[in-house]
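Each value in this text was obtained by applying a stated rule to the coordinates, not by laboratory testing. All of these numbers come straight from a predicted model, not from anything done at the bench. Cβ coordinates were reconstructed from backbone atoms using ideal geometry, including for glycine residues, and neighbour counts include every protein chain displayed.
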Amino acid sequence: MTDFNLTQLGKLSNGFASPDEAVLERVPNPQKGTLYLARFTAPEFTSLCPVTGQPDFAHMVIDYAPDSWLIESKSLKLYLAAFRNHGAFHEDCTVAIGRKIAEVAQPLWMRIGGYWYPRGGIPIDVFYQTGPAPEGLWLPDQGVAPYRGRG
């Protein structure tokens, strides 16, 4: 359990100016060999429209089946916050987050659902996963209803 070096957990962290500067960290999985699902929910995710500079808001749900590593949650919080002043389309933000988590954690499987609030009257939901879920993995619904406006 010494093959990792945390730079943010238990330390003062000022955050990052962009996702490219942010450091996403991992810790050893003490339950390696057990098939289970871990979920992170970020209901107040924000980024900027790359064209208008206006804020975009999303409810992100990240599910993954850990193998040897877990995503360290404080570093994930700081990584996601680094998108706050980052200009990117909804699809780019969602897929970039999913790919980064898959790269760092090297999970058995992962998926991300980006449930974006309407821009121009149209909500955009973006989904990414690394492949088929392992057999026997319980996959709960992500729990975010389709956008219905006031109806």
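Projection of the Cα convex hull of region 1-110, averaged over all directions and equal to a quarter of that hull's surface, yields 7.0 nm². The local environment of residue 61, defined by Cβ-Cβ distances under 14 Å, has a net charge of -2 under the rule Lys, Arg +1 and Asp, Glu -1.
Within region 48-151, report the GluC sites (Glu not before Pro) that DSSP leaves as loop and that have at most 12 other Cβ atoms within 10 Å.
135
Computed from backbone phi, the HN-Hα couplings of region 78-91 come to 5, 5, 5, 5, 5, 7, 3, 10, 9, x, 6, 6, 3, 4 Hz, rounded to whole numbers (Karplus: 6.51 cos²θ - 1.76 cosθ + 1.60, θ = phi - 60°; Gly and Pro given as x).
Dipole magnitude for the chain: about 360 debye, using +1 per Lys or Arg Cβ and -1 per Asp or Glu Cβ, origin at the Cα centre. For region 73-151 versus region 15-61, the spacing of their alpha-carbon centroids is 8 Å. Adding -39500 (n - 2.57) for every DSSP H run of four residues or longer, then dividing by how many residues the chain holds, sets the calculated 222 nm ellipticity at -5000 deg cm²/dmol.
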